[in-house]
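All remarks here apply to the structure that follows.
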Amino acid sequence: MSDNTLNIFEQKAEEMTATRIIPVSAVFTRTDGGFVSLDLDGKHYDRVRIIRLFPFSDANRFLSVREYEGDGKEIGIIEDLDAMSGETKEVISDQLTLCYFTPVISRIYSIKDEYGYAYFHVMTDKGECRFAINMGSNAVSKLSDTRLVIVDVDENRFEIRDVDALSQKEKRMLDLFL
Amino acid sequence: MILRYDIPHNAESMVELSEGEKIYYAVPIDIDEKGNWTDDSFFVVTTSKLFIIRGKKKTEINIADLDKATAEPGIGGGILTVRQGDSHKVLAHYSSRHLGRYAYVARGINILISGRFEEVISNEYEKTCPICGRAIPGTKRCPKCSGEGGFLSMFVKMAGPYKKDFLGVFLIMVLVAVTTLLNPEVQKHLINDVLSGNGSLKTAYALLALMFTFSASIVVLNIMKSNASARLGSKIAADLRRQLFEKYQKLPLSFIGDRRPGELLNRITQDTRFISDFMADVFCNLFAILFIFIWDIVFMMVLNIKLALLTFILVPFVSALMITFRKTIGRIFHLQYKKNDDVASELQDVISGMRVVKTYGKEKDESERFKSVSGIFADIQKKNERFWAMFDFLVNVLMGMGLVIVVYFGGLDVFNYKMTPGELYQFIAYTLLLFQYIGWLGRLPREISRLTSSLERIYDVLAQDVPEESDTVKDIDIKGEITFDHATFGYKSYRPVLEDINAVVKPGEMIGIVGASGTGKSTLINLLMRLYETDDGRILVDGTDMKDISRKSYHSQLGVVLQETFLFSGTIIDNIRFSKPDATTEEIIRAAKLANAHDFICALPDGYNTYVGEKGYTLSGGERQRIAIARAILPDPRILILDEATASLDTESEFMIQKALERLTKGKTTFAIAHRLSTLKNADRIMVIDGHHIAEIGTHSELLDRKGIYYNLYTAQIQF
């Protein structure tokens with residue numbers, strides 16, 4: 001009996017270490033409920049999760065496709081979303097929009113600091129918005145010398161792709177947080 | 001947390017209510033279907049329906065058709081989904097601002113699905129004020145809107161208990177101001193009456209003596225003033241520190257857990273220190289300087305109004321210059337400070353990771369990296385110093401110009417006999433005083449805002465509501481029956497760790513808890529220790545809801561041994577006695593013997609008086625653990641909790657401690673978490689926790705027969 005169990009573990013270890021690349025032929029379909037189903041090698045998954053492995057440095061490459069049910073086992077990895085068919089790309093991009101919400105700041109209208117909080121009024125790729133950060137915490141972190149991630153009091157995340165692309169005036173407003 | 005928003009009228013009118021139907025929850029949907037911000041969408045839950053309103057569009061769903069609602073947290077936001085048979089459906093997409101809210105709403109929908117009509121209420125605080133939109137610093141109400149914030153009210157709150165001391169400091173300050181202002185007046189007389197007039201030597205001596213007295217009393221008064229305000233400052237700081245510490249002890253762990261430990265530490269150490277510094281450096285001069293400043297201006301105008309106005313023209317220039325430069329200075333020095341931080345953390349990184357750097361042979365790369373960080377810092381420093389030198393120079397030039405104006409026009413007036421030389425001298429003295437204090441006053445707003453935020457952080461803690469025990473709590477003698485009744489809990493409302501835990505544990509039973517890391521074993525124990533309270537459901541002790549038992553009575557009958565043993569700085573006997581301060585020496589020795597600790601304690605040169613803790617005698621892991629066990633069993637608890645009590649020990653120590661524990665757990669309701677199943681061989685039943693639930697529960701052999709998770713774990717472990 002124990003031999004059998006050991007085999008299960010062997011198998012698990014095998015599964016854990018194997019990396020599977022999802023071929024272009026995999027069929028991703030949008031479900032009525034707004035999720036993504038997958039047909040791969042004759043197997044059908046009602047709903048799959050899609051996770052970015054490099055959300056900042058390579059948002060559209062190396063996407064882990066995982067089962068929704070149970071432990072969320074990895075089914076495979078999409079190496080490059082742009083290499084997938086047009087429809088698949090659209091379905092998956094929509095799904096990613098649903099699970100990842102990190103507005104990218106393109107313009108800074110004002111930053112006002114008051115009693116330990118800084119109030120931002122900005123334009124993002126998701127529209128204009130206002131948010132507040134706690135100046136006492138590490139709300140602003142640097143991904144590189146020119147790239148920032150700002151976490152507001154609600155734990156929303158905002159990104160500034162390139163600080164140098166901002167105007168001199170906007171940069172000066174940001175200086176306090178750099 | 002608000003679960004029922006007042007939604008705009010046109011949106012609300014779209015929700016058509018039938019007879020007896022009523023709105024339970026209404027929350028904004030702040031992200032539209034394309035993933036952009038929106039402010040015209042709402043999610044409304046009534047007694048029987050869900051409404052999704054997007055602008056003029058409306059979708060209705062009957063709650064009766066649904067099986068389950070889930071608030072799924074994502075990255076920077078989340079989605080509310082419903083399940084209907086096998087099909088999942090997204091209903092709303094929202095940002096992190098509403099993560100917690102939707103978790104409660106989902107819980108509320110599930111209650112409605114199950115056919116009950118209870119309304120879920122959230123006790124969490126809002127993070128931004130719904131009225132003014134400002135961030136709320138962890139308090140229940142917005143300090144601005146409730147009128148509690150603001151410098152003056154904060155300051156009054158702080159100063160309230162020290163009225164007498166403040167009055168004393170204030171009086172000295174007025175005296176300082178008066179003497180400072182009178183000195184030039186005497187000097188005027190010296191020049192007018194003696195030097196340019198026909199005064200006698202006697203008058204000269206008298207005036208000189210007066211001047212000397214004034215100068216001397218300024219010095220003495222200043223010392224008294226600094227002394228008094230420094231003393232007052234440290235008194236206030238000490239009182240605040242004590243209050244904060246007491247509050248920390250009373251606050252629930254979730255409050256501590258929500259904040260970084262450093263932040264809480266800072267509030268006690270840095271914020272209170274800032275208050276005493278403020279009192280010593282700023283406050284002690286505050287009234288004196290304001291007083292001098294105002295009278296200075298008045299005297300100047302009285303002496304020579306034309307000259308005074310001429311001088312004042314310069315004031316706005318000097319102040320404007322100072323303010324802009326100060327802003328720039330603040331900015332560039334902040335930058336320098338940050339870069340300095342970078343250098344420090346780079347160093348810290350490399351030095352503490354020296355072994356790794358060396359083993360991978362990366363010394364050169366690290367040197368290069370450090371060189372560049374350090375270079376950037378040096379550049380900024382160089383630039384800042386240059387700027388600083390310029391600034392000083394400019395300010396001095398401007399002030400010098402002010403003096404030149406005064407001397408030139410004043411001199412003309414003196415030649416025209418419109419002004420006496422003594423008055424001119426007096427006027428120059430006042431001008432110098434004026435410029436001297438402009439700079440100081442310019443610094444004031446920043447100091448005050450810093451003080452306000454320190455005070456705010458302190459009062460944020462002090463104003464925190466501590467959940468008071470209700471008057472109905474009672475002391476009970478615990479027999480040891482524990483019942484989990486639909487217990488649900490999560491550290492964050494939107495991420496449950498334990499869901500719907502149901503089990504009955506008999507008095508004296510030993511329960512082994514197993515499961516993978518992160519499944520909630522320790523959380524279950526935290527609930528048993530009453531460090532947190534269940535969000536939903538109850539835990540009953542001998543049939544009484546845990547919340548109805550007084551904490552004191554419950555904790556005195558509870559013994560805990562954790563994996564990481566914490567010993568306070570103090571002697572061994574102090575540490576054992578911690579759990580029962582009135583224990584006799586005999587009882588302590590008995591507990592130590594039961595815990596197998598007595599023998600090694602005897603071998604120590606200082607016996608039970610051995611000093612342990614951070615700076616004390618270094619005990620091995622096994623020895624510390626045995627002291628912790630002695631501490632746990634000293635009050636003879638009815639409930640014993642062992643969280644990986646032996647996991648960090650070597651095999652021999654573990655065996656010895658297991659032996660000790662076997663004797664102790666008899667007759668006591670025991671919960672033991674263990675990874676190594678062999679340590680649970682005495683357990684009456686095993687509880688397997690998996691996926692937030694109790695996956696399996698039963699005796700060792702029952703679970704083996706089930707061939708489930710426990711069986712797999714067990715067979716895997718005996719193979720190794």
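Axis of helix B:284-303 versus longest Cα principal axis of chain B: the two differ by about 30°, to the nearest ten degrees. Against chain A, whose longest principal axis comes from its Cα atoms, helix A:86-99 is set at around 60 degrees.
Annotation: amide H-H contacts under 5 Å for B:Y617 (H modelled 1.01 Å from N, sequence separation of 5 or more, or interchain): B:Y611, B:V612. Close amide H pairs (under 5 Å, H built 1.01 Å from N) link B:E696 with B:V688, residues at least 5 positions away or on another chain. For region B:656-708, relative contact order (Cα pairs under 8 Å, six or more residues apart, normalised by length) works out to 21 percent.
The HN-Hα couplings worked out from phi for region A:145-151 by the Karplus form 6.51 cos²θ - 1.76 cosθ + 1.60 (θ = phi - 60°) are 5, 10, 10, 10, 10, 10, 10 Hz, whole numbers, x standing for Gly and Pro. Of the Cα atoms belonging to chain B, the radius of gyration and Dmax stand at 36.2, 121 Å. Ordering A:F56, B:F117, B:F333 by the number of other Cβ atoms within 10 Å of each residue's own Cβ, fewest first, gives B:F117, A:F56, B:F333. Comparing A:I75, A:C129, A:G116 along the charge dipole axis of chain A, the residue lying farthest to the positive side is A:G116, per the Cβ-charge model. Pairs of Cα atoms nearer than 8 Å and 6+ residues apart set the relative contact order; for chain B it is 10 percent. The simple spin-label model puts a point 7 Å past each Cα toward its Cβ; for B:M14 and A:R107 those points are separated by 2.9 nm. Starting at the first residue of region B:480-485, write each ³J(HN,Hα) from the Karplus equation 6.51 cos²θ - 1.76 cosθ + 1.60 with θ = phi - 60°, in whole Hz, x for Gly and Pro. So the J values, rounded to whole Hz, are x, 7, 10, 10, 9, 10. Short to long, the 10 Å bins of the Cα pair-distance histogram for region B:369-515 hold 8, 13, 15, 13, 12, 10, 11, 8, 6, 4, 1 percent of all pairs. Ranking of B:R386, B:R495 by neighbouring Cβ atoms within 10 Å, starting from the fewest: B:R386, B:R495. The residues B:C142, B:C129, B:C284, when put in order of fewest to most other Cβ atoms within 10 Å, stand as B:C129, B:C142, B:C284. Percent of Cα pairs in the protein assembly as shown per distance bin of 10 Å, from zero to the largest separation: 2, 8, 13, 18, 19, 16, 10, 6, 4, 2, 1, 0, 0.
One decimal place: the segment B:S550-B:E246 gains 107.5 nm when fully extended, by the rule 0.36 nm per residue minus the C-alpha distance. Coupling constants for region B:550-560 follow from the phi torsions by the Karplus curve (6.51 cos²θ - 1.76 cosθ + 1.60, θ = phi - 60°), and in residue order they are 5, 4, 4, 5, 5, 5, 6, 10, 10, x, 9 Hz; glycine and proline get x.
With respect to chain B, whose longest principal axis is taken over its alpha-carbon atoms, helix B:163-189 is tilted by about 20°. Taking all Cα pairs closer than 8 Å and separated by 6 or more residues, the relative contact order of region A:105-177 comes to 24 percent.
Length gained on full extension, B:F578 to B:L347: 79.1 nm, using 0.36 nm per residue less the C-alpha separation.
Read the figures in this text as sums done on the coordinates, not as results from a lab. Just so it is clear, the structure is predicted and the values come from calculations on it, not from any experiment. All Cβ positions, even for glycine, are placed from backbone atoms using ideal geometry, and neighbour counts span all protein chains on display.
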